[in-house]
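**Student:** Below is a structure I'd like to ask you about.
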Amino acid sequence: MTDFTVSLSQDKPELKWGEANRLTFSGEGATIHLADAQDELRVIQQAARKIDGLAIPSVTFQGDWSRAQQWAFAMSFTRARNPGAVNWCDNDDKATLEQDYAAMLFTRQLVNDTPEDLSPENLARRAGNWIKELGGDAVTVEMIVGEDLNKAGWTGIYNVGRGSVRPPVMLEVDYNPSGADNAPVDAVLVGKGITFDSGGYSIKSSEGMLDMKCDMGGAATVTGALGLSIMKGTKKRIKLILCCAENLISGHAYKLGDVLTYKNGVSVEIVNTDAEGRLVLADGLLRATETGAPLIINAATLTGAAVVALGNDYHAVFTMDDNAREAMLASAKSEGERFWPLPLEPFHKDRCPSAFADTANSRPQKGGGGGGASNAAGFLARFVEPGGKGWVHLDLAAAYHGSASAEMPVGATANGIKSISRMVMDY
């Protein structure tokens, strides 16, 4: 079979293709016309979606493509089901693109999987096994499951997940390339791994529940970032903590009005069982803080408020550390991924008051009320070192698309894995 080639041109297409058209076809493949384009990468993405719509089994880049141009095409061409293959330009960028693409495919496939197949234990095993395949003997994997979470004091993960017959899990992966037990931990990645989110007794609508298989997008994203860092040869000791649970309704599920007390003594009144992501992440952040790592990044599909603020184009960045914020944004800019800072101040810790506990897990109104994304970040700030030095919270508004757009296919994006990897390796 002859390869379907895709080329770039700075010429305008012939008028017979239409004045506004930027994609033309020939017997060998297609040409994307970039003449006078204000946003070349967006033009390439739109062309990739059109080519993908033809169910082309594989494409080969022909001519002079930059790494950013190849990546933009691949991100948009790679559909959720039976994706076509991408053959990169044979130049200095090829090895890097292959690594990025492998991490992207793993991340997308994990998020796009069905909630029936991806139980909390299965998510933890698949993440741990993939990192073990990449890191070999430098990787150790530990899982705390079900009632053992309660015994160990990980109250958030346990209570969110106890409504399901499939038990909740805390996964801890230690990538320690030096092999020395006393080697300092350089960074910890923490991911929200809610494999299905019904909302619990604060139940979502059917429409709002449809895409909730993606609520483990944070766990998939930080796993993809660690795997990518290993492929790129990092020598840093990095830990991965995934907080995995199904948020379901049963006679054993947690309820509104319950009060949870965490290992650090913070008590939390449950006023919304659909604000569960912050409850499981609190455990992950406490464990990350115990390691003494100078950098902690947590990632989660946490709030609808972040999507309202930024749409599905940007991830929201929250931190009280100016240096960490600038480093995260610089990493994202270098990798061509869209991140945007939203406000987090110490007073946000107190924006979810409770008469029965130190804090509530939300405000008792739809979406948590105004400033919901910042208030959620303020809740999380209670579970890291005071002042939040070296801590970055990412609210992944751009992790998943419920429907296809002109630039992106339906489903998981894997947006963010490259930026987090760069941040961990460079910080």
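**Student:** From the list Ala381, Ala397, Ala412, Ala406, which residue is among the hydrophobic types (A, V, I, L, M, F, W, C), at pLDDT 95 or above and open to solvent by 10 Å² or more (accessible area, probe 1.4 Å)?
**Tutor:** Values: Ala381 fails: open to solvent by 10 Å² or more (accessible area, probe 1.4 Å); Ala397 fails: open to solvent by 10 Å² or more (accessible area, probe 1.4 Å); Ala412 fails: open to solvent by 10 Å² or more (accessible area, probe 1.4 Å).
Only one candidate qualifies: Ala406.
**Student:** Does Ala299 satisfy the condition of being outside any loop (DSSP other than H, G, I, E, B), over 28 Å from Arg363 (Cα atoms), touching a helix residue (DSSP H, G or I) at 6+ places or on another chain (Cβ under 9 Å) and open to solvent by less than 50 Å² (accessible area, probe 1.4 Å)? Lay out the reasoning, then the answer.
**Tutor:** Numbers: outside any loop (DSSP other than H, G, I, E, B): yes; over 28 Å from Arg363 (Cα atoms): no; touching a helix residue (DSSP H, G or I) at 6+ places or on another chain (Cβ under 9 Å): yes; open to solvent by less than 50 Å² (accessible area, probe 1.4 Å): yes.
No, not satisfied.
**Student:** So Asp322 passes all but one of these: (1) free of Cβ contacts under 8 Å to residues at least 24 places away in the same chain; (2) open to solvent by 70 Å² or more (accessible area, probe 1.4 Å); (3) under 20 Å from the mean Cα position of the chain (by Cα). Which condition number does it fail?
**Tutor:** For Asp322, the exception is condition (3).
**Student:** Right, another one. Give segment 1-31 a look and list any residue that's without any contact (Cβ under 8 Å) to a residue 40 or more places away in the chain, among the aliphatic types (A, V, I, L, M) and surrounded by 15 or more Cβ atoms within 10 Å (Cβ to Cβ), or say none.
**Tutor:** Leu23, Ala30 - these are the residues of segment 1-31 that are without any contact (Cβ under 8 Å) to a residue 40 or more places away in the chain, among the aliphatic types (A, V, I, L, M) and surrounded by 15 or more Cβ atoms within 10 Å (Cβ to Cβ).
**Student:** Further question on the same structure: Among the residues of segment 100-108, is any open to solvent by 20 Å² or more (accessible area, probe 1.4 Å), polar (S, T, N, Q) and touching a residue at least 12 places away in the same chain (Cβ under 8 Å)?
**Tutor:** Just the residues of segment 100-108 that are open to solvent by 20 Å² or more (accessible area, probe 1.4 Å), to begin with: 101-102, 105-106.
Restricting the remaining residues to those that are polar (S, T, N, Q) gives none.
Scanning segment 100-108, I find no residue that is open to solvent by 20 Å² or more (accessible area, probe 1.4 Å), polar (S, T, N, Q) and touching a residue at least 12 places away in the same chain (Cβ under 8 Å), so the answer is no.
**Student:** Continuing with this model, one more query. Among the residues of segment 271-292, count how many are among the hydroxyl-bearing types (Ser, Thr, Tyr) and either on the phi > 0 side of the Ramachandran plot or surrounded by fewer than 24 Cβ atoms within 10 Å (Cβ to Cβ) (or both). Steps first, please.
**Tutor:** Keep residues of segment 271-292 that are among the hydroxyl-bearing types (Ser, Thr, Tyr), which gives 273, 289, 291.
Applying the additional criterion that residues be either on the phi > 0 side of the Ramachandran plot or surrounded by fewer than 24 Cβ atoms within 10 Å (Cβ to Cβ) (or both) yields 289, 291.
Matching residues across segment 271-292 total 2.
**Student:** Continuing with this model, one more query. Can you tell me which residue within segment 51-70, out of those that are open to solvent by 20 Å² or more (accessible area, probe 1.4 Å) and in contact with a strand residue (DSSP E or B) (Cβ under 6 Å, 6 or more places away or on another chain), is modelled with the lowest pLDDT?
**Tutor:** From segment 51-70, those open to solvent by 20 Å² or more (accessible area, probe 1.4 Å) are 53-58, 60, 62-64, 66-69; that's our starting set.
Still in the list and also in contact with a strand residue (DSSP E or B) (Cβ under 6 Å, 6 or more places away or on another chain): 56, 58, 60, 62-63.
Values: Ile56: 92, Ser58: 95, Thr60: 97, Gln62: 96, Gly63: 96.
Looking at residues that are open to solvent by 20 Å² or more (accessible area, probe 1.4 Å) and in contact with a strand residue (DSSP E or B) (Cβ under 6 Å, 6 or more places away or on another chain), I get Ile56.
**Student:** Of all residues being over 23 Å from Glu385 (Cα atoms) and open to solvent by less than 10 Å² (accessible area, probe 1.4 Å) in segment 332-371, which is modelled with the highest pLDDT? Just the residue, please.
**Tutor:** Filtering first and then ranking leaves Ala332.
**Student:** Pick from His401, His393: which is at negative phi and in contact with a helix residue (DSSP H, G or I) (Cβ under 7 Å, 6 or more places away or on another chain)?
**Tutor:** Values: His401 fails: in contact with a helix residue (DSSP H, G or I) (Cβ under 7 Å, 6 or more places away or on another chain).
Result: His393 is the single residue among His401, His393 that is at negative phi and in contact with a helix residue (DSSP H, G or I) (Cβ under 7 Å, 6 or more places away or on another chain).
**Student:** Do any residues in segment 145-158 that are polar (S, T, N, Q) have Cβ atoms under 8 Å from those of residues that are surrounded by fewer than 16 Cβ atoms within 10 Å (Cβ to Cβ), where the two are at least six apart or on different chains, and which pairs are they?
**Tutor:** Pairs found: Thr155/Thr261.
**Student:** Scanning for something assigned to a loop (DSSP other than H, G, I, E, B) and under 15 Å from the mean Cα position of the chain (by Cα), does segment 329-338 turn up at least one residue? So that I can check it myself, show each step before the final result.
**Tutor:** We begin by selecting, within segment 329-338, every residue assigned to a loop (DSSP other than H, G, I, E, B); these are 336-338.
Then drop every residue that is not under 15 Å from the mean Cα position of the chain (by Cα), which leaves 337-338.
Within segment 329-338, one or more residues are assigned to a loop (DSSP other than H, G, I, E, B) and under 15 Å from the mean Cα position of the chain (by Cα).
The values are calculated or read from the model by the stated rules, or taken from the named source; none is laboratory data. On a predicted model such as this, the values are computed, not experimentally measured, just so you know. Ideal geometry is used to build each Cβ from the backbone, glycine not excepted, and the neighbour counts take in all protein chains shown. Ligands, DNA and RNA are stripped out before the accessible areas are found, and what is left, the full protein with its side chains, is counted by its heavy atoms. Shrake-Rupley method; radii C 1.70, N 1.55, O 1.52, S 1.80 Å.
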